[in-house]
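For reference, the structure discussed in these notes is given below.
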Amino acid sequence: TTGKPIDCKAAIAWDSRKKLEVTTVTVDPPGPGEVRVKIVATALCHTDAYTLDGLDPEGLFPCILGHEAAGIVESVGEGVTSVKPGDHVIPCYQAYCGDCKFCKHPESNLCISVRAFTGKGVMKSDGKPRFHKDGKPIFHFMGTSTFAEYTVVHEQSVALIDPAAPLEKVCLLGCGVATGWGAVFNTAKVQPGSSVAVFGLGAVGLAVIEAAKRAGASRIIAVDINTSKFAAATEWGATECLNPRDYDKPIQQVIVEKTEWGCDYTFECIGNVQVMRAALECAHRGWGQSVIIGVAAAGQEVATRPFQLVTGRQWKGTAFGGYKSRVQVPELVKDYMAGATLLDKYITHEMKFDEINEAFDLLHSGKCLRTVLTF
Ligand code: NAD
Ligand code: AHE
Ligand code: ZN
């Protein structure tokens, strides 16, 4: 298909810590191996705010942010065979080619087919972005850039989904909720009867709680400094909620004392390196696993006494919950369609795309889990 450029609405991040400008951009037709997608619904994830705040070492400006969305293929570039115009898709920042060393390994989803280019905000075929504003190039973000009515992604970055799925709900499977579930099922492999501690009760932390309950964990300790998060955590399956500010000793010590030696699994869902340390140090002596999900700011480093690892705790991390995106996202959509999972309860706000700056304010206010924007 040889398409034409499309002028459409998008939110440009001109620089870090600036409001987004909702304006018209030009979106070039997809090049070889690329897909142009009409975005129907996009949510905001904490990672979008993190990059906009200038905390991401890979952050480039001006860019179009957004990576948790769903849409419909508008056109495809030369050589694209896995999707066609009209197909319903979820853009995936963790690509999947099926062919690289990482895709072929059963324990990894860190496909390298396009990663070097998505990290530089450009497309692989010619090293250029497909977005322009008055002739000026605008960088892509995470290979998805879903804060636009039309975006161009690599073929490796689109998961083909059931056309009957409501796009304004399943967009959440593009990042946060899927990541929390996958951290439990793929990364930690939580076992029935186990104990779990979850630090940070945003959408990611709640998805961890939901999955831990489904995996049969018998004790789920939820931790946040915003106590207004505790009602949801309890509803999602937490058996107790703790505010570290209520104690005059470190929260890891509180949890170790309450559980006798710590929890079988702990999850950090904030992006705070001090909390990452706390989560590791309240993993059970001898076998406890601590999974880092939160994304820490540029320059931050984790620390603990090596003795914590010598005595059997394991420190892990996860990207997109370990799901092999193009293979497994369609399955997650299928589960949702079969009524096996609920996404609706993570959507606390629905707004029009033009209100995207208000949606960022809401994210920072601590009052929302997910805001879904539609055009
Ligand atoms: P969110 O902002 O909605 O939730 C974060 C929660 O942490 C909030 O409830 C906040 O009150 C709490 N918190 C902040 N500081 C705290 C502290 N010191 N102690 C305890 N609680 C504290 O964010 P989210 O969208 O749920 O994302 C969570 C994190 O996961 C972010 O860092 C995000 O970038 C990251 N993330 C990573 C992946 C991945 O693939 N690894 C995927 C999605 C999101
Ligand atoms: N670009 C940053 C790190 C950002 C990061 O770690 N991103 C997560 C996904 S967050 C989704 O909300 C991730 O999957 N990372 C793996 C990858 O390949 O990007 C940095 O530090 O450079
Ligand atoms: Zn995200």
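The values are calculated or read from the model by the stated rules, or taken from the named source; none is laboratory data. All values reported here derive from a predicted model rather than from experimental measurement. Virtual Cβ from ideal backbone geometry, glycine too; neighbours counted across all protein chains shown.
The listed residues are Gly31, Gly54, and the only one of them that is under 18 Å from Asn357 (Cβ atoms) and not in a strand (DSSP E or B) turns out to be Gly54.
For the stretch 57-110, the tally of residues that are within 16 Å of ligand 1 (Cβ to nearest atom), of a type outside the set (Gly, Ala, Ser) and assigned to a strand (DSSP E or B) stands at 3. Being surrounded by fewer than 19 Cβ atoms within 10 Å (Cβ to Cβ), among the small types (Gly, Ala, Ser) and in contact with a Lys or Arg (Cβ under 9 Å, 6 or more places away or on another chain) is the filter here; which residues of the stretch 224-282 pass it? Within the stretch 224-282, just Ser228 meets the criteria. The set of residues in the stretch 82-94 being within 21 Å of Pro163 (Cα to Cα) and in contact (Cβ under 8 Å) with a residue 12 or more places away in the chain consists of Ser82, Val83, Pro85, Gly86, Asp87, His88, Val89, Ile90, Pro91, Cys92, Tyr93. Just one of the listed residues (Leu167, Leu201) is assigned by TED's automatic domain parsing to the domain that holds Gly262 and within 17 Å of the chain's Cα centre (by Cα), namely Leu201.
Rundown of residues vs (1) touching a residue at least 24 places away in the same chain (Cβ under 8 Å); (2) assigned to a helix (DSSP H, G or I); (3) within 16 Å of ligand 3 (Cβ to nearest atom); (4) in the same structural domain as Tyr265 (by TED's automatic domain parsing), yes/no style:
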| position | (1), (2), (3), (4) |
| --- | --- |
| Lys213 | yes, yes, no, yes |
| Gly216 | yes, no, no, yes |
| Ala222 | yes, no, no, yes |
| Ser228 | yes, yes, no, yes |
| Ala231 | no, yes, no, yes |
| Thr234 | no, yes, no, yes |
| Ala238 | yes, no, no, yes |
| Lys249 | no, no, no, yes |
| Gln252 | yes, yes, no, yes |
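Of all residues in the stretch 189-198, exactly one satisfies the criterion of being within 16 Å of ligand 1 (Cβ to nearest atom) and either outside the structural domain of Met276 (by TED's automatic domain parsing) or in contact with a Gly (Cβ under 7 Å, 6 or more places away or on another chain) (or both), namely Val198. In the stretch 258-285, of all residues being over 16 Å from Asn243 (Cβ atoms) and in a helix (DSSP H, G or I), the one that is farthest from the chain's Cα centre (by Cα) corresponds to Thr259.
Taken together, the residues in the stretch 293-327 that are polar (S, T, N, Q), within 30 Å of Asp99 (Cβ to Cβ) and in a loop (DSSP other than H, G, I, E, B) amount to 1.
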